[in-house]
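So the structure is just underneath, and the comments pick up after that.
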Amino acid sequence: MMVTTENGWASIPPSKVVRRGITGTNIVLPLHPHDAGFVLISFAAMYNRDIEPLTGGASDEGGYTETNSVYTSNHKSGTAIDLNWNKYPFRRYTMPQERVQRVKQLQAGFRGLIDWGRDCWGGNPIDEMHYQVAKGKPMDAYVEFANELRAGKFALYGATAPTLDPVVVPNPGVGGLLMRGSTGNAVRNLQERLNRDYPRYSRLAVDGDFGSATEAVVREFQQRAGLLVDGIAGPATLKALGL
Ligand SMILES: [Zn+2]
């Protein structure tokens, strides 16, 4: 049954969905066929390029869903996406302030056409992973903006790509400590080892991205192994894992 979702767009059946790739990644998300979906996927591409990488692949990002626990969810109209959801759990503020400012800058660059679940419902609920086609904007505004993007705006779809200011996110993995925010092969190895040896409580996406799920499993392991429970995989924890 068709419903009008929260931002005013109509829900769509799976047959109407368009699969859109996030430029710069191998991630494809199902979204609305209108140019609003194109603007939204372009926002995700800019997020990946200028704010932080979408490292989790398909298991860490979301687009259209046919059903949702929220009846008027914009995921049902294919006008919402979730980015890096393991890092940004529902109903919590976990994004560092510096990155929050970057996101707001990106939203301004998109002329307010994309709303953010962190603040668009006044914090009720807080949803930092969630971005959506804004409420109350004319559909034509998306067509116009999509055409500008296709014509080279932000050099997103052009040959060379001058960025917004480059973002440097320090990687706390340096120094042999793997913790929230660490990325790369060492994290991948850690996730693989936990899944292999402790399948009863470790079913992590092996994505090389140390988010809240990985932290929870590390804590569980530390608890069971009689180690200091701090959610940080340092020398003692890695040694106990045989890494
Ligand atoms: Zn969402």
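Ranking of Ser42, Ser15 by solvent-accessible surface, largest first: Ser15, Ser42 (1.4 Å probe, protein heavy atoms only, all chains present).
Note on region 6-22 and region 51-124: Cα centroid distance 16 Å, given to the nearest whole angstrom.
With an 8 Å Cα cut-off and a minimum separation of 6 or more residues, compute the relative contact order for the chain in percent. Answer for the chain is 16 percent. Ranked by the mean number of other Cβ atoms within 10 Å of their residues, highest first, the peptides 130-138, 234-242 come out as 130-138, 234-242.
Accessible surface calculations at 1.4 Å, restricted to protein heavy atoms, place region 185-240 at 53 Å² per residue. Apply the a/c threshold of 1.5 to the C-alpha gyration tensor of region 14-155 and tell me whether it is rounded, prolate or oblate. Note, shape of region 14-155 comes out rounded.
Estimated from the Cβ-Cβ distance and a Förster radius of 35 angstrom, the FRET efficiency linking Asp230 and Gln101 is about 0.75. Sorting Phe90, Phe221 on solvent-accessible area from highest to lowest, probe radius 1.4 Å, gives Phe90, Phe221.
Note on the chain: dipole from Cβ charges, positive end direction compared against Ala36, Thr67, Asn189; the farthest Cα belongs to Asn189. Maximal additional length on extending the Val143-Thr72 stretch stands at 23.2 nm, based on 0.36 nm per residue less the C-alpha distance.
Shape class of the chain from the alpha-carbon gyration tensor: prolate, with a/c at 1.5 or above and a/b greater than b/c. Each peptide among 91-104, 144-157, 204-217 gets the average number of other Cβ atoms lying within 10 Å of its residues, and from highest to lowest they stand as 204-217, 144-157, 91-104.
The values are calculated or read from the model by the stated rules, or taken from the named source; none is laboratory data. Everything numeric here is computed off the predicted structure, so don't read it as measured data. Note that each Cβ is placed from the backbone with ideal geometry, even for glycine, and that neighbours are counted across all protein chains shown. To get the accessible areas, we keep the full protein, side chains included, count just its heavy atoms, and leave off ligands, DNA and RNA. Shrake-Rupley method; radii C 1.70, N 1.55, O 1.52, S 1.80 Å.
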